[in-house]
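These notes concern the structure reproduced below.
The values are calculated or read from the model by the stated rules, or taken from the named source; none is laboratory data. Note that the structure is a prediction, hence the values are computed from the model and not measured. Cβ: placed from backbone, ideal geometry, glycine included. Neighbour counts: every protein chain shown.
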Amino acid sequence: MAVLAQYAMVVRRPVFDGQKQRTALETFQKDAGIDATTAAKSVGLSYPQYNRYLWGRVPLRTDQIATFAAAYRVSSADLSRALGLMDETPSATSEPVYTLDDMRAELLAAGLPDDMIAEALDAGRDQPALSRKGIALAWRHQWAKDVAKLTAAEKPRRRTG
């Protein structure tokens with residue numbers, strides 16, 4: 001019992017702010033272009049259950065943040081910040097920075113042609129860093145599969161300098 005009390009003192013959730021949660025969830029839902037019924041299905045809740053969260057009557061549990069973030073197509077960090085569960089400014093332990101320049105450099109190093117790189121950059125332009133990293137990985141993987149199918153004479157030459 002003493003261990004539980006000690007744990008509760010260390011891990012303190014900020015005081016629940018129903019209005020802040022309501023504003024955040026309504027904004028993300030609207031930005032995602034989905035209605036409450038669709039959002040409820042996306043997070044695995046009934047419409048009335050979802051509305052209790054949406055209206056700020058029931059606090060989101062920590063284990064629900066990733067599910068709600070996925071439904072709204074935002075990062076868990078963005079949703080947590082909007083709910084007041086994280087600092088507004090990203091710290092060294094928050095979501096990594098992976099810019100479009102990083103993405104371009106990675107795809108160039110993998111040997112992708114310029115037109116494919118441009119297409120991949122367009123796909124990653126409005127995405128969070130982790131999504132960009134995933135997009136780059138998918139393009140690199142597809143490129144490797146395409147190159148593997150080519151004969152030796154058809155394979156592209158590596159770029160130098």
A92 - would you say it is in a helix (DSSP H, G or I), at pLDDT below 90 and surrounded by fewer than 11 Cβ atoms within 10 Å (Cβ to Cβ)? no
Which one is farthest from S75 (Cα to Cα), of the residues in the stretch 111-145 that are in a helix (DSSP H, G or I) and among the basic types (K, R)? K145
Of all residues making up the stretch 34-68, the number that are surrounded by 14 or more Cβ atoms within 10 Å (Cβ to Cβ), assigned to a helix (DSSP H, G or I) and in contact (Cβ under 8 Å) with a residue 12 or more places away in the chain: 12
Which one of the conditions (1) closer than 15 Å to S75 by Cβ; (2) at pLDDT 85 or above does R104 fail to meet, given that it meets all the rest? (1)
